[in-house]
2 protein chains.
Amino acid sequence: MISVTLLGAGNVATHMFKAFSEAKGVEVKQWYNRTYSSISSYKNEVDIIDDLKQLKNADLYIIAVSDDCISSLSEALPFKNRLVAHTSGSVNIHDLDKKNNRAVFYPLQTFSKNTVLNFSEVPICIEVLEKENLKLLKSIAKALDCKTYKVNTEQRQTLHLAAVYINNFTNQLYRIAHEISDAQHLNFDILKPLILETAKKVQTISPYMAQTGPAKRNDKKTIKRHLKQIDNKEHKAIYELLTNSIKKTHGVPFSKSNPSKN
Amino acid sequence: MISVTLLGAGNVATHMFKAFSEAKGVEVKQWYNRTYSSISSYKNEVDIIDDLKQLKNADLYIIAVSDDCISSLSEALPFKNRLVAHTSGSVNIHDLDKKNNRAVFYPLQTFSKNTVLNFSEVPICIEVLEKENLKLLKSIAKALDCKTYKVNTEQRQTLHLAAVYINNFTNQLYRIAHEISDAQHLNFDILKPLILETAKKVQTISPYMAQTGPAKRNDKKTIKRHLKQIDNKEHKAIYELLTNSIKKTHGVPFSKSNPSKN
């Protein structure tokens, strides 16, 4: 049985705890958080502690706290030569205190407090400094039924950047569509199936192949009418920039009616 | 039994034909296309014609051709006082020839040739000029198990615009993430679960509530590092514009390190 100790009480830690609780071959030895009350509701399921001195021996310590706190928490650990991993997409592996064996166990997914998530669909990006630790981290991910990908620091930080485009920025486009439809007293529900289908499509074909719409087919009439419809300056700037981006990707010639020149 | 005749051979017409074929209470009387060979493979399932003079009486004629051809095809119809609907999100209902009763039957979804789509999850936006036709159009949509929404022209064109943000523009963000990850020899599969979860999240909570990430939490350090990571000018411009858009939506104060001022 592999033993894992969790440190932190945020969404990642909480989702991981739930996933580990259901996994075979891995047990959560302890769950630490500096504020006991944040995780005290789990006290019947696991040994909850708020004092680092109480940490027992475990095969892996997972630091799942905010980026800015990873370094200081790793320094404060009262032991050495054990395996310690953080879960951040952007923090350098060397930010972990070198007194322990360092690793990254980065689940590339968006975690929310009240969303049910099938953890087996979360890809785990693994980074290690000592090769011999790779096997254990893979075993732990496998116990969660997750796919694993061995990445280096630069690759992980690239994934983190790409994730901003496909998660935060995409979500902001949903928000803009919400604003636009609200202004015309339209139920946002009308647009939800399209949101889902757009995401489903690129599970099997590339985004390049999946592209459709006025920008790709250089439908100047529709683009012009859309720009006329948009009151909000910022929405218009986003429309123009992304329209030109699609045109560039698909080799559509830029013409006089190119919206960026309006 | 309600009879429907389809005109056109594109993705919308083809998906509609398949959906109608499985629907109860509606039959496809005829399927017209000016090029017979485009739909001749369905000749054992339905009466295929390429001559408008062969059109028989039907309760509804659905014109599912490209936007630019709707008006001329409606003019060319050799009958009057029947119900004719187009399926476009942007074409004015008055572009249909007034010799017939005009309507719009707009399926708000992205249709691809080789994608299997559950048509019952396609919202149908209905617009009519004569109120008495609403009931028939709703019955037809109901036979397909689709939700219907009665909209006016302005609302429909607003939905079409919103759809560009959540479909074409979102897909372009996927494409950019693909480019960014490819450049680091990363498998795009790693990002696919996040794409899907981002779309799933807004099915139950608003995009406003679903937002996370460096822009929303005003994490200047991460934003700065991301901007440093991006080589491509256009990717950078999109990063800056959408970061500022998120900040504005969530009331994050713009500071000196505001990326738009770099």
Of the listed residues (A:Tyr36, A:Tyr106), the one being touching a Ser or Thr at 6+ places or on another chain (Cβ under 9 Å) and hydroxyl-bearing (Ser, Thr, Tyr) is A:Tyr106
Exactly one of B:Ile195, B:Ile205 is at the interface with another protein chain (Cβ under 7 Å from one of its Cβ atoms) and either out of contact with any Cys (no Cβ under 6 Å at 6 or more places or on another chain) or surrounded by 15 or more Cβ atoms within 10 Å (Cβ to Cβ) (or both), and that one is B:Ile195
Among residues of the range A:142-168 being among the charged types (D, E, K, R) and under 24 Å from B:Asp219 (Cβ atoms), the residue farthest from the other protein chains (Cβ to nearest Cβ) is A:Arg156
Q. Would it be correct to say that A:Asn171 is part of a helix (DSSP H, G or I), touching a residue at least 40 places away in the same chain (Cβ under 8 Å), facing chain B (nearest Cβ under 7 Å) and among the polar types (S, T, N, Q)?
A. no
Residue count, the range B:33-62, condition surrounded by 12 or more Cβ atoms within 10 Å (Cβ to Cβ) and in contact (Cβ under 8 Å) with a residue 40 or more places away in the chain, comes to 6
message: Suppose the filter is closer than 21 Å to B:Leu241 by Cα and more than 8 Å from every other protein chain (Cβ to nearest Cβ); does A:Lys233 pass it?
response: yes
Report task. Restrict the check to the range A:57-73 and report whether at least one residue is farther than 30 Å from B:Leu196 by Cβ, touching a helix residue (DSSP H, G or I) at 6+ places or on another chain (Cβ under 8 Å) and hydroxyl-bearing (Ser, Thr, Tyr). Result -> yes
Any hit, the range B:127-141, residues being surrounded by fewer than 20 Cβ atoms within 10 Å (Cβ to Cβ), among the acidic types (Asp, Glu), more than 10 Å from every other protein chain (Cβ to nearest Cβ) and touching a strand residue (DSSP E or B) at 6+ places or on another chain (Cβ under 7 Å) = yes
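Values in this text are rule-based calculations from the coordinates and carry no lab data. All of these numbers come straight from a predicted model, not from anything done at the bench. Because the Cβ atoms are built from the backbone with ideal geometry, glycine has one as well, and the counts that use them run over all protein chains shown.
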